[in-house]
Each structure stands twice: as C-alpha cells, then as structure tokens.
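Novice: Would you mind keeping the following structure in view while I ask a few things?
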Amino acid sequence: MLKRQIGTLFLITCLILTAVPAALGAQNTVTVNPASGSDAQTAINNAINSVAAGATSSNPGVVILGAGTYKISAPIILKSNVVLKGAGDNTIIFATGSVCNSDGSPAYIYGSGVSNVEVSHLQFQSTATGPKDGGHGDYRNCIKLTSVTNAKVHDILLTRYLYGDGVRISKSSGIEVYNCRMQSSGHDGVSFLSGTKDSRMYNCYVEVQTNTGVRVDNCANIEVDHNTFTGSAGSGWCCVELENKLTNVDVHHNIMHDYKGSSSSAGIGNWHASGSISVRDNVMWNVSPYIQVGSGSNILGPSDRSVENWVAKGYGYGSLGSASSSQSTETVSPTSEEDSKTTANETAVTETEETELATETKETEVATANNQTAENETAITKAAPEQVTGTDNESLTEENISETGTQTGVNEPPVTEADPEQVVETDKTSLTEENSSDIIDNRLKESTPDTVYQDKEYLDIGGRPGIGKYRDLLLFNLSEYNDAENISNATLSLYWYYPDGIERPEDTIVEVYRPAAAWNPENVTWNTRDNGVLWTQPGGDWFDMNNVSQGDAPYATITIKGSDIPDNRYYELNVTDLVKEYVSGEYENTGFLIKTRAENADYVAFYSSEIDDENQRPMRAIEEKI
C-alpha cells in the first residue's frame with residue numbers, strides 16, 4: 001500500500017479520516033466520514049490535496065465520502081486527477097446559509113483549470129426553502145467547472161430549491177454529465193457556457209423550476225440526449241435553451257412532457273441562437289411552443305403519453321440504463337386547455353410556426369415565486385391589499401396607495417433608517433427618497449395580452465423577435481407634495497439586472513410617458529386598464545410631454561448601449577416635469593408608462609417592487625427648495 005500524505009488531517013477534530021484497503025488497486029485513496037460541525041470542506045479539501053500530490057491521469061487519487069451529512073461553509077476545491085465519490089443519496093453535501101456566493105467561491109464543489117476529475121454519487125441540499133431564497137447566475141451553484149478538461153459528473157441528486165445551477169460549465173472541454181436527477185434547481189439544471197466544447201449531457205432526469213433544464217450558450221460539439229424534462233407551475237422558460245452562436249449542437253432522444261413555466265412552457269427555447277443545430281427524434285407533449293429553433297423530425301403530441309412506454313422504446317432518462325430506483329417522476333397533469341387538445345395527428349412544427357405559438361419569454365435570472373398566473377388570475381399587491389381591491393369599474397388613483405410616513409417638512413428631523421422615507425438636508429434643498437413600499441408596478445406583455453402581471457420580481461421592457469413587446473406601469477404616491485414650484489428635481493431610479501452578461505443586438509432607449517387614464521393593478525393587462533375597460537390602444541394609452549396622444553416625445557429617456565451589460569447599479573430617469581404636472585394638479589397622477597423606443601431586439605429587465613432586496617427596488621427621489 002502506498003504511503004499516504006495525510007498532513008494535518010489528524011488534527012481535524014470534526015471529521016475522522018480512515019484508510020481504504022487496497023481493494024481499489026494502487027490508487028492513493030482516503031475516506032472522509034462526517035461528524036458534527038459546519039466546516040466539512042476543510043477535511044475534504046485536505047483529503048483531495050493529499051491524494052492529488054501523487055496522482056496521474058492513469059492512476060488517479062480517490063476521496064471517498066462515507067454516508068452522512070457534510071455541512072460546508074466554503075467550497076470543496078477539485079484538483080487534477082482526483083475522483084470525489086460518495087455513497088449515493090446517503091452522502092449529502094449540505095450548504096449552510098448563503099455560502100459560495102462570490103467570484104472566488106462560486107459553487108459548493110468548484111474546479112478551475114484542472115483536468116481528469118470525477119464527481120459522483122452525492123446528494124446536494126441547502127438551507128434554501130423557496131425560489132426567492134438567495135443566489136442566482138454565477139454563484140451558489142452545486143458544481144461549477146471553469147477551464148476544465150476531461151471531467152465526469154454523474155449519479156448526482158439535486159434537491160428542490162438549490163440555488164444557482166446544478167452543474168455550471170464554462171470554457172471547458174470533454175465534460176460528461178450523466179445519470180443525474182435534478183429535482184428543481186434555482187436557475188438551470190445544467191449549463192454549457194462560454195466556448196465549452198466536445199461535451200455531453202445524457203440519461204438525466206430534470207424538473208425545471210426557475211429557468212431551464214439545460215442551457216447551451218456559445219458552444220461547439222454539444223450533445224443533449226436521452227434525458228427527461230418536466231416541471232409544473234414554476235417560473236421557468238423552457239426545457240432546453242439554445243443561445244447565441246452554436247456549432248454542431250445535437251438534441252435527440254429526449255422526453256419533454258407536462259412542462260408549465262410561468263414565463264413560457266417551451267420544449268426547445270431560442271435566445272438569439274444561430275449555427276448548426278439539430279433537434280431530432282425527441283418525444284414531446286404538453287409543452288408549448290414545441291421547438292423554437294433547430295431542424296429535424298420529432299414526435300409531437302403522441303397519443304401514447306406514458307413515460308415508461310417511451311423509455312422502453314429508447315427515449316429519455318433510464319433508456320440507457322443506470323436509472324436510479326429511487327427516482328421520483330411524479331408530475332402535475334397537463335395544465336392548459338391548449339395542451340389537452342394536442343392529438344396524435346399533430347405533425348412536426350416548423351420554426352416559423354413555433355414563433356407564432358410563442359406565448360412568453362424567459363424569466364431571469366433572479367427567479368420568481370412558484371405562482372402560475374392564469375389568464376383571469378387576480379394578484380394582490382404587497383403595499384396595501386385592502387386598499388386596492390376595487391370594484392369591476394374602479395380604477396386606481398394615488399389615494400388608493402397606503403402612505404408610509406408623515407409629510408416631510410423643512411423643520412422636521414431626519415427619519416430613522418427603518419422608515420421607507422429618508423430626508424437628506426442640503427443648504428438649499430431637501431431630498432426625499434422613497435423605495436417600493438409606496439409603489440405599484442405592473443407588467444404589460446403583448447404575447448399574453450389578457451394576463452395580469454402584478455407580483456413579478458422584475459419589470460421588463462422592449463421587444464424580442466418572434467415573441468413580442470413588453471411595457472410597464474409604475475405609480476408612486478405623491479399626495480404629500482402640494483407645491484409643484486417648490487420641486488427642483490425628481491428622478492425615477494431603476495436597477496438594471498438583465499440580460500446578465502449578454503450583449504444585445506440593438507441599443508435600448510428607455511422612455512417614460514404619462515398614462516392617459518388611471519389603471520387598476522389587479523386588472524391591468526396589455527389589452528385592459530381595468531376589468532372590462534379596454535385601452536384604446538392595446539399596450540396602453542399615453543400622452544407625451546407635448547400632450548400628444550401616443551406621441552413620441554418622452555418625458556424622460558436614457559440609452560443603454562447594446563454592448564453594455566448590467567453593472568449592479570441604478571439607472572436614473574429625470575421625471576421632474578411629469579411629477580410637477582401631477583403635483584400641480586394639471587393632470588391626475590396616473591404614474592409612468594415605461595417602454596423602449598424601437599421595441600425590437602432591445603429587451604432588458606429591471607427589478608420591481610417585489611424583489612426581496614429593498615436596495616434594488618424602484619425608487620423615486622424628489623428635491624424641494626428650502
């Protein structure tokens with residue numbers, strides 16, 4: 001038996017290390033067993049470093065994690081030529097708190113610049129209890145591989161509400177993800193990103209929760225096959241997302257069924273995808289639209305909707321063997337009337353037809369609650385639900401919004417930080433900042449013109465080719481102001497967060513207009529401003545700064561370059577003239593209608609008043625002369 005370099009492992013008091021007999025061959029092997037404490041990553045990393053010292057690609061080092069729960073407070077760091085293997089579902093990597101949430105700590109298990117690694121037979125859990133429970137995008141992933149070559153990730157169980165991606169892969173090659181069960185992760189199940197090539201995802205079972213089952217973005221030679229995708233009533237977008245420039249992407253022999261996201265319910269979703277894309281020999285039912293991009297013959301809406309039958313025919317998770325006996329594939333029944341009308345006589349839908357069927361867009365990434373919005377659903381605002389219920393013909397005015405503080409005067413002392421309003425005195429002006437505790441906001445979506453969107457965590461505007469236009473309505477309470485001439489400046493601040501890390505084909509010119517009439521947040525949609533009260537023009541009626549109906553002279557505007565990406569800050573719109581018109585009584589306060597100028601390939605999203613972090617919610621600031 002080889003001599004083990006165990007270093008300081010015997011000094012770790014919370015975990016016990018033991019040697020595995022030579023039955024595993026001439027490998028340098030260390031076993032780690034769990035014990036109390038929340039820093040299990042220390043002993044695991046020490047074990048990895050120990051076996052990596054003498055490991056080669058032909059004689060890898062092995063770290064075995066015995067059954068039990070390993071509570072980590074920092075990442076487990078992979079090294080080249082090392083196998084990290086658990087005992088199956090009984091080996092649990094448990095992330096305590098909001099850990100692994102930075103560039104240097106982006107995942108529970110993280111490999112960067114390494115080669116010939118393998119991670120298998122583990123279960124991931126975290127303290128997350130819902131889709132709003134922190135983490136998104138680059139961070140809090142379960143496994144992240146960056147600039148890695150030749151890696152295998154297999155036989156992994158990811159439980160509900162884990163945040164970030166299940167497996168996030170960027171700038172890597174030769175990566176295989178297989179035999180995994182992903183029961184709803186916080187962003188994507190698996191992501192192939194940023195030039196990743198020669199990689200494959202197969203024989204996996206994925207419940208889509210917040211975004212997509214698998215995303216392929218700017219990659220080459222990627223195969224996605226023999227997986228099963230499903231999911232119900234989440235905030236997801238599609239089962240498979242194909243994005244930006246792709247070369248030789250092959251999606252085949254997958255099952256996509258009974259998927260219902262709140263932003264879309266697509267099988268194959270398209271986000272500016274181009275290149276050589278094959279979508280063939282997949283079986284799909286109760287997803288809509290079926291295929292937005294890619295060529296090939298598929299089985300759409302079959303009369304036989306038994307997963308087991310299709311697995312036996314060579315499709316989906318389990319058709320290649322090694323399917324876990326503990327898999328739970330219980331799903332919700334078909335959730336839309338359109339899905340229930342799908343028949344066996346349907347033929348493959350062309351890309352053009354899919355564009356016409358598209359009914360939604362993807363969510364972003366900061367993900368949203370598991371609330372499925374039906375066409376006639378009415379949502380309740382957080383601000384003051386008892387004051388905005390309304391009647392069938394009652395529209396919202398500023399009197400309906402609950403006030404959150406006393407009127408700010410010159411001689412009043414600054415309020416405490418706990419209050420939603422803060423007064424900052426200068427020599428000649430006083431500044432009142434107000435966050436979303438006193439804001440109403442709603443989304444208007446052309447593709448779902450009769451759906452009320454009141455409780456989403458984002459405000460999205462602009463146009464997406466093949467999908468449609470997006471606009472938003474905001475209303476602030478201005479009742480505390482009674483002297484328009486005393487207002488020297490008013491700004492509306494919106495926190496831009498999406499598209500995250502993606503350049504857009506067009507500049508986005510954000511514009512603010514005055515809604516032509518009051519609107520009810522419980523009933524307002526693309527088509528209606530209240531229950532039974534239509535807009536004159538679908539998408540909202542407005543006046544511009546010259547009081548021209550549907551005019552094109554906005555009260556405020558900013559330009560976000562197509563090459564710009566979100567930079568974690570507010571963008572300010574000068575709405576002084578409009579606010580003064582409201583305060584003076586010249587016009588009723590109907591809030592702001594926000595849109596983009598072109599409304600074509602210029603889609604962006606800002607955080608709404610529903611986002612948990614109050615430092616990212618819409619905010620208005622009004623300066624008054626002293």
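Novice: Can you figure out the FRET efficiency of ARG280 with ILE626, using R₀ = 51 Å and their beta-carbon distance, to the nearest 0.05? If you can, show how the numbers build up before the last one.
Specialist: Numbers: r = 70 Å, r/R0 = 1.38.
E between ARG280 and ILE626, to the nearest 0.05, is 0.15.
Novice: Please work out the average accessible area per residue across region 183-278, using the 1.4 Å probe convention, and give it in Å².
Specialist: Heavy-atom accessible area per residue stands at 19 Å².
Novice: Here is a follow-up. Only sites in a loop by DSSP and with at most 12 other Cβ atoms within 10 Å count here; which chymotrypsin sites (Phe, Trp or Tyr not before Pro) in region 70-130 make the cut? Mind dumping the intermediate values first?
Specialist: On the way: sites: TYR70, PHE94, TYR108, TYR110, PHE124; in loops: none.
Within region 70-130, no chymotrypsin sites (Phe, Trp or Tyr not before Pro) qualify (loop, at most 12 other Cβ atoms within 10 Å).
Novice: At R0 = 56 Å, how high is the FRET efficiency between SER488 and ASP450 if r is their beta carbon distance? Nearest 0.05 is fine.
Specialist: Result of the calculation: an efficiency of 0.85.
Novice: Working out 0.36 nm times the residue gap between THR559 and THR31, then minus their Cα-Cα distance, what length gain in nm do you get to one decimal?
Specialist: Taking 0.36 nm per residue and subtracting the Cα distance, the gain is 184.4 nm.
Novice: For region 473-562, what is Rg from Cα atoms divided by 2.2 N^0.38 Å, rounded to two decimals?
Specialist: Rounded to two decimals, the normalised Rg is 1.31.
Novice: Are there GluC sites (Glu not before Pro) in region 565-626 that DSSP marks as loop and that have at most 16 other Cβ atoms within 10 Å, and which are they?
Specialist: Values: sites: GLU572, GLU581, GLU586, GLU588, GLU599, GLU610, GLU614, GLU623, GLU624; in loops: GLU586, GLU588, GLU599, GLU610.
Here the GluC sites (Glu not before Pro) that fit, given the DSSP loop and packing criteria, are GLU586, GLU588.
Novice: Would you mind checking the radius of gyration and Dmax of region 182-268 based on alpha-carbon positions, in Å?
Specialist: 11.8, 34
Novice: With all protein chains present, how much of the accessible area of region 532-626 (probe radius 1.4 Å) comes from carbon and sulfur, to the nearest whole percent?
Specialist: The value for region 532-626 is 43 percent carbon and sulfur by accessible area.
Novice: At what distance in nm do the modelled label points of SER147 and ALA517 sit from each other, each positioned 7 Å from its Cα along Cα→Cβ?
Specialist: Those two pseudo-labels are separated by 6.0 nm.
Novice: Follow-up question, since we're still on this one. For a Förster distance of 22 Å, can you work out the FRET efficiency between the beta-carbons of THR129 and ASN568, rounded to the nearest 0.05? Before the final figure, lay out the partial values.
Specialist: Working: r = 25 Å, r/R0 = 1.16.
After rounding, the FRET efficiency stands at 0.30.
Novice: Measure off 7 Å from each Cα along the Cα-to-Cβ vector at ALA67 and MET545, then give the distance between these two points in nanometres to one decimal.
Specialist: Result: 7.1 nm between the two label points.
Novice: So, with a 1.4 angstrom probe, what is the percent of accessible area on region 435-478 that is carbon and sulfur?
Specialist: Details: 340 of 740 Å².
The value for region 435-478 is 45 percent carbon and sulfur by accessible area.
Novice: Give me the extension gain from ASN309 to SER98: residue separation times 0.36 nm, minus the current Cα-Cα distance, reported in nm with one decimal.
Specialist: Details: separation 211, 0.36 × 211 = 75.96 nm, distance 4.17 nm.
Answer, rounded to one decimal: 71.8 nm.
Novice: With a sphere of radius 9 Å drawn around the Cβ of ILE560, what net charge do the other residues whose Cβ falls strictly inside it have (Lys, Arg +1; Asp, Glu -1)?
Specialist: Result for the local shell: -1.
Novice: How long are the three semi-axes of the equivalent ellipsoid for region 254-301, computed from the Cα gyration tensor as the root of 5 times each eigenvalue, in whole Å, largest first?
Specialist: 18, 15, 6
Novice: Right, next: With N denoting the number of residues in region 150-304, provide Rg(C-alpha) divided by 2.2 N^0.38 Å, to two decimal places.
Specialist: 0.91
Novice: If you roll a 1.4 Å probe over the heavy atoms of the protein chains, what accessible area per residue do you get for region 75-168, in Å²?
Specialist: Counting only protein heavy atoms, the per-residue value for region 75-168 is 30 Å².
Novice: Viscosity 0.692 mPa s, temperature 37 °C: Stokes-Einstein D of region 493-626 from its Kirkwood Cα radius, in µm² per second?
Specialist: 203
Novice: So if each residue of separation counts as 0.36 nm, and I subtract the Cα-Cα distance between SER194 and SER297, what length gain in nm does that give?
Specialist: 34.2 nm
Novice: Heavy atoms only, probe 1.4 Å: what % of the accessible area of region 107-250 goes to carbon and sulfur, would you let me know? Could you put the intermediate results ahead of the total?
Specialist: Numbers: 1280 of 3260 Å².
The value for region 107-250 is 39 percent carbon and sulfur by accessible area.
The values are calculated or read from the model by the stated rules, or taken from the named source; none is laboratory data. Quick caveat: nothing in here was measured; it's all calculated off a predicted structure. Ideal geometry is used to build each Cβ from the backbone, glycine not excepted, and the neighbour counts take in all protein chains shown. Note: areas computed on protein heavy atoms with side chains; ligands, DNA, RNA excluded. Shrake-Rupley method; radii C 1.70, N 1.55, O 1.52, S 1.80 Å.
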